[in-house]
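Student: Handing you a structure now.
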Amino acid sequence: MTDNFDAAILPPLPSSVPQEPRSPTAAAPKLRSRPTTAFMTRSSVTLSRRAVTREIIAEVAAPFKKIVGMEDKEPPFSRRKAAPYCRRLIKNKYFQCAMFLALLAALFLPDFWVLADRPGNLGLDIVLSLVLLMFVFELVVQSIGLWRTYVNSFFFWMDLLGAVSLVLDLSYIADASPPADEDAVSNNVIIMRAARVAKLGARAGRFTKLVKLLRFLPGMNKNHSDEGDTAKVISVRLITALSTRTSCLIIVLVMIMPLFSMWTYPEEDWSTRTFMDILEKTYNRNPSRFAWQLNELTHFYDDKPYHPWRVSAKRGQDLLQNITEQLPWVAASGRPERAKNNVVFFSKHLVCEFNFTSPNQTDSLMNVLLLVVVIIMMLSFSLVLSNSVSAIVLRPLEQLLTQVRQMASTIFQSVTDMALVMKEESMKEDAGWEDESDSEGEGGGKAFGNETELLEKVVQKLAVLSEITMNKSVVDPETMQGLGEGDRAVINGFQGGADEARWSRELPEMDKMDSDGLHDAAQFETIINAQRLMVENAGLSLELIDSWNLNPLELDRARNHAAAMYFLGPHNHGIEFDAVVMGNFLQEAEHGYIKSCPYHNWFHAVDVTHAVYRLLNLLVAETYLSKEERFAVLVSAISHDIGHPGLNNTFLIETNHELALRYNDKSPLENLHCAKLFGVLGQPKCNVFGSLSKQQYAEVRKVCIDAILHTDNAQHFTMIKEVQMLYEVNSEILDISHQMCEEDPDSWPTTEAMECFRVPETRQLLVNLFLHTADISNSMKPFRICRIWAWQVLEEFFVQGDAELRLGVPVQALNDREKVNRPFSQVGFIEFLVSPMIFAVIRVFPQMDALAVQMLQNARTWQKHWETDNKQYPSEEDKKALNARIMKLEQRYRTCLSPPL
């Protein structure tokens, strides 16, 4: 009897997981043969973890970027093609050297040209024009190569201003304006102030170019993604920020301080003006003394850095004859070499030209010295800041973060992969558009390295692990409060209280088939054909065996024996044994089960062994479990309840049963099963481990004992927590493995996941998990089988309840046949016991998703059976409450389908 699951509530099964047939005769997938070695060589993973991680992160971040208006706009094709070449050019040392020389030329060459007293500016203009073109070219290259981090950054605007200010040093542009006529020249204070402002502007342009020099300062050109070393990254960032601001402050002070004197009365040498006035008055009043006066005035400038070098008549003026004979007067030093050193003054009748070569050279020399002083100050302060930051920040922080890495590596075995994933996310491929980590802009690159992110993830994981560890129950308090007394009693019974020692020994090294195993493909083929023939001769089909539709209760003794032989066959683990010995072992194991037990009988043993066989194949256990471990868990499955009396541990302890006294109330039934198993194996004719070495036998015995002891329901929630912790510690690896399994099931498990599963403690956890999951797997099988086994286990509970009534001891929850509603009890069993386990498991093993879906279908079917129960017809309020519980269960399933990255 089956019911269709509401497609609107739960998503359909993945296409890679086939729906199970509903009857033994229904079609089922064919048997997938296994390789000859203990570990399969999985097909190569076509997608790298880096690509998968980036794709997932991009998909998650896309809607948020759209909301805040930060969509990743595709750049033009031409720019996208040119960007990698531009970035390589920017990093080229010859290009950087050329730009540094160009910057020095822009800073010092105009002043050196004046100091050299070159007669013309043609050569200077050619050089500065080339420098200007280099600046513009550099601006374009950086804008293309580092578009996102350079454009609109501090250095972008400084580079732009530096390139524009260079235009002021080009004589063919600066001298393009027509000269002022003689009538416009005066000693007006406003004009003098304007001249002063022009001089300050020229100086500002020069120092704007100096800002470009900041990129060459110590610590400015380091790669910010240096192996994710947070201390170094913080140090570089801090040095860059402080050095930039300090250098800019020095430059601004040099530029701004002179502005405060701009509105004061300008200082001016009035001697040139007085010189012209005296000559003009001498010409008008006493022309005969003109020559003497001219000689006296020229001697006045003997100790001055500037002097008149020529006096001539003003054009268009008719002078006296004796004056005309004396003009033009030319000094012995002659005219200045540079036209800009020639300063002309006018009077009504005369023109006087002064040689200002020495003042202009002095001014240029002071400019050069000022630039040198500023550069020295910038370098000095940068070095001081670098040393201070290293002493105050870098070294202590390096020690701290080194301890963080060491502690993280001891806490989490996957911390190396976590760091690698974050490093890969932060790295940019050369061909990618985001490779702009070398940008000097403050917005470019990550501000800190990966240790801070690693530390954040470590803290988050510690919080999750602490919550898992401290939480005594996987059932939330609100749900627990709404349960009946019987349901709470069942959950408390499953939680248990025994503290088991951790299984911390080293298992044998993961090995391939050796001389004790299957040697070659031919031998493997022979064995598998013999196993198939045995199954077919017994009247079974491999399609039925390799599905979840097999029900041992529907098979006779011979078919169950053949099925058990097939499950334990060497093709499933790689260890050879004598078929006769295996037959004897199975017979003795069957005789060890009590036939009168409705549930814990031989049929249950075969059913659990079948489930373990299916899990080992479905979860590709040969890639991470050794052959001894797989053989041990199959042997443990067939005998995990051997000798079970049909009474639980609580009953044995309450009644002071002989088993409880023998095993000190610690898992008396499970200890009994272990003792019974090795009692059977102690018989030479039944010792299926006889082919193992002494060391192998010792290890297999430990695995069997640990696995069977963990079938105690008191270990149930402890095991759930261990699985949850396994996922949380390795979530990055397992999430990526989960994603790749959805895209290509044959790619699971990934190499990283296999390494995670091969850890000794993890391997023993998985062995215990496989057996325990198989032991409670009836609720995850097709409802027809689920219902049959539910009736069997409830009948066993009721038999114990009858015994408890006879003995006068308290009747345990689910044991009172007069009070327990069978369908309702199964919903609770699924909700509180089975679902927490399977929801934790599917995050580690995504292939288990089909079982989770079937479990939820069964819960809905049990709900319908409960609602139509004529004996205890539920109220509408009870129906709504149960429906809400199942809906909450379905929501938890959806959450498990999409674990956060």
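The values are calculated or read from the model by the stated rules, or taken from the named source; none is laboratory data. Because the structure is predicted, anything quoted here is derived from the model rather than measured. Backbone-built Cβ (ideal geometry, glycine too); neighbour counts: all protein chains shown. Heavy atoms of the whole protein, side chains included, go into the accessibility calculation; ligands, DNA and RNA do not. Shrake-Rupley method; radii C 1.70, N 1.55, O 1.52, S 1.80 Å.
Student: Starting from the stretch 292-308, keep only residues that are farther than 13 Å from Ile278 by Cβ and open to solvent by 70 Å² or more (accessible area, probe 1.4 Å), then list their pairs with residues that are hydroxyl-bearing (Ser, Thr, Tyr) and at pLDDT 80 or above whose Cβ atoms are within a distance under 8 Å, requiring at least 6 positions of separation or different chains.
Tutor: Note: pairs meeting the criteria are Pro305/Ser358; Pro305/Thr362.
Student: Part of a loop (DSSP other than H, G, I, E, B) and either touching a Pro at 6+ places or on another chain (Cβ under 6 Å) or of a type in the set (Asp, Glu) (or both): is that true of Asp706 in this structure?
Tutor: No; evaluated as a whole, the condition is false for this residue.
Student: Same structure again: So, in the stretch 678-729, exactly how many residues are small (Gly, Ala, Ser) and crowded, with 18+ Cβ neighbours inside 10 Å?
Tutor: Taking the stretch 678-729 as the starting set, the residues that turn out to be small (Gly, Ala, Ser) are 679, 682, 690-691, 693, 698, 707, 714.
From what's left, crowded, with 18+ Cβ neighbours inside 10 Å: 707, 714.
Looking only at that region, the number is 2.
Student: For the stretch 837-858, state whether one or more residues are closer than 29 Å to Pro552 by Cβ and either at pLDDT below 90 or open to solvent by 60 Å² or more (accessible area, probe 1.4 Å) (or both).
Tutor: To start, the set of residues in the stretch 837-858 that are closer than 29 Å to Pro552 by Cβ comprises 837-842, 844-858.
If we keep only those that are either at pLDDT below 90 or open to solvent by 60 Å² or more (accessible area, probe 1.4 Å) (or both) too, we end up with none.
No, the stretch 837-858 contains no residue that is closer than 29 Å to Pro552 by Cβ and either at pLDDT below 90 or open to solvent by 60 Å² or more (accessible area, probe 1.4 Å) (or both).
Student: Test Trp862 against the criterion of being without any contact (Cβ under 8 Å) to a residue 60 or more places away in the chain, buried (at least 22 other Cβ atoms within 10 Å of the Cβ) and in a helix (DSSP H, G or I), and give yes or no.
Tutor: Yes.
Student: Starting from residues that are over 35 Å from the mean Cα position of the chain (by Cα) and acidic (Asp, Glu), keep the ones in the stretch 589-633 and report whichever is surrounded by the fewest Cβ atoms within 10 Å (Cβ to Cβ).
Tutor: Glu590
Student: Among the residues in the stretch 170-177, are any modelled with pLDDT of 85 or more, of a type outside the set (A, V, I, L, M) and either closer than 26 Å to Val372 by Cα or in contact with an Asp or Glu (Cβ under 7 Å, 6 or more places away or on another chain) (or both)?
Tutor: no
Student: Being β-branched (Val, Ile, Thr) and either over 30 Å from Glu752 (Cβ atoms) or without any contact (Cβ under 8 Å) to a residue 24 or more places away in the chain (or both) is the requirement here; does Val620 meet it?
Tutor: So Val620 fails the test.
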